[in-house]
Structures are given as C-alpha cells and as structure tokens.
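The values are calculated or read from the model by the stated rules, or taken from the named source; none is laboratory data. Being a predicted model, the structure only gives us computed values, none of them experimental. Methodologically, a virtual Cβ is constructed for each residue, glycine included, from the backbone with ideal geometry; neighbour enumeration extends over all protein chains shown. Accessible surface areas use protein heavy atoms only, side chains included; no ligands, DNA or RNA. Shrake-Rupley method; radii C 1.70, N 1.55, O 1.52, S 1.80 Å.
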Amino acid sequence: GYLMTGNDTSSFTIGSPVPTGKLPAVMVTVANIGTNWTGTWNMSVSFPGTSNKFDSLDSIAPYGGSNSYILSADRVTAGTNQPVIVTVDPDNTVAEQNENNNTASVSLTIL
C-alpha cells in the first residue's frame with residue numbers, strides 16, 4: 001500500500017502499484033500467541049533501497065493480544081514486484097517456542 005498524504009499514517013491506502021510521489025507503506029499486525037507478555041521488543045522493515053529498525057515497542061499481551069503498525073519509507077527503489085520484508089524480534093530478545101513465524105514479506109510495484 002501507500003500513504004496518500006505525506007507521512008500521515010491515517011492516510012494509509014491498500015493497493016499496488018504505489019503511485020509516483022506517494023510513500024510505500026505496509027500495515028503489520030503482530031500477535032502474541034504465547035502464554036506470557038512479550039516485554040519490550042523490536043521490529044525491522046526493509047523496503048527496496050532502505051531499511052529501518054523500531055526499538056522498545058510496547059509489550060503485547062499473551063493469548064492472542066496484538067498491536068498493528070503502519071510502516072513506510074521515503075527513499076525507495078522503484079520497480080515491479082519490489083520486496084518489503086518485516087522481521088519481528090530480529091535480535092531474538094523475546095523468548096519464544098517458535099522463532100519461525102517472525103518474518104513476513106510482500107511485493108509492491110513502486111512507480
């Protein structure tokens with residue numbers, strides 16, 4: 001998707017291609033399917049040509065608690081089927097039984 005108005009996450013629009021002049025963005029929902037609070041954690045996102053890391057995110061409740069985030073980038077590489085990769089807990093600071101469900105990706109066409 002993309003942001004319709006500058007960096008205003010409330011203007012997030014689902015869709016691809018990302019029009020020229022709009023910021024590519026993704027909406028990520030992180031759920032805790034475990035039995036304990038996560039404690040503070042971090043997340044990284046890689047758009048074509050740039051990456052960001054978000055530290056000290058709020059703890060998520062156990063048993064299906066979740067938080068949603070809209071992540072965008074202002075310096076990206078244009079092209080067809082550009083990968084956007086999100087990794088939750090890239091530094092493995094949260095104790096988990098299953099580390100295999102911490103990465104997701106989507107492809108965007110960026111004009």
**Study point:** Residues of segment 12-39 classified as outside any strand (DSSP E or B) and within 13 Å of ASP89 (Cβ to Cβ), total
**Key:** 3
Study note, to complete from the structure: If you go through PRO48, PRO17, the only one that is under 15 Å from VAL106 (Cα atoms) and at pLDDT 95 or above is PRO17
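Residue-by-condition table, conditions (1) assigned to a loop (DSSP other than H, G, I, E, B); (2) hydrophobic (A, V, I, L, M, F, W, C); (3) surrounded by 15 or more Cβ atoms within 10 Å (Cβ to Cβ):
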| position | (1), (2), (3) |
| --- | --- |
| TYR63 | yes, no, no |
| ASN67 | no, no, yes |
| THR80 | no, no, no |
| VAL86 | no, yes, yes |
Study note, to complete from the structure: How many residues of segment 40-60 are in a loop (DSSP other than H, G, I, E, B) and either open to solvent by less than 30 Å² (accessible area, probe 1.4 Å) or within 29 Å of GLN82 (Cβ to Cβ) (or both)? The answer is 3
Check your understanding: Looking at (1) of a type outside the set (Asp, Glu); (2) more than 17 Å from VAL88 (Cβ to Cβ); (3) surrounded by fewer than 19 Cβ atoms within 10 Å (Cβ to Cβ); (4) touching a Ser or Thr at 6+ places or on another chain (Cβ under 7 Å), which is the one condition that is false for THR9?
Key -> (4)
Point to revise | Number of the condition not met by ALA73 [criteria: (1) among the small types (Gly, Ala, Ser); (2) in contact with a Gly (Cβ under 9 Å, 6 or more places away or on another chain); (3) at pLDDT 95 or above] | key: (3)
**Study point:** Any hit, segment 92-110, residues being in contact with a strand residue (DSSP E or B) (Cβ under 9 Å, 6 or more places away or on another chain), within 20 Å of PRO17 (Cβ to Cβ) and open to solvent by 70 Å² or more (accessible area, probe 1.4 Å)
**Key:** yes
Exercise for review: Among the candidates ASP74, ASP91, single out the residue that is under 28 Å from ASP8 (Cβ atoms), in contact (Cβ under 8 Å) with a residue 40 or more places away in the chain and part of a loop (DSSP other than H, G, I, E, B).
Suggested key: ASP74
**Study point:** Check on THR13, of a type outside the set (Asp, Glu) and without any contact (Cβ under 8 Å) to a residue 40 or more places away in the chain
**Key:** yes
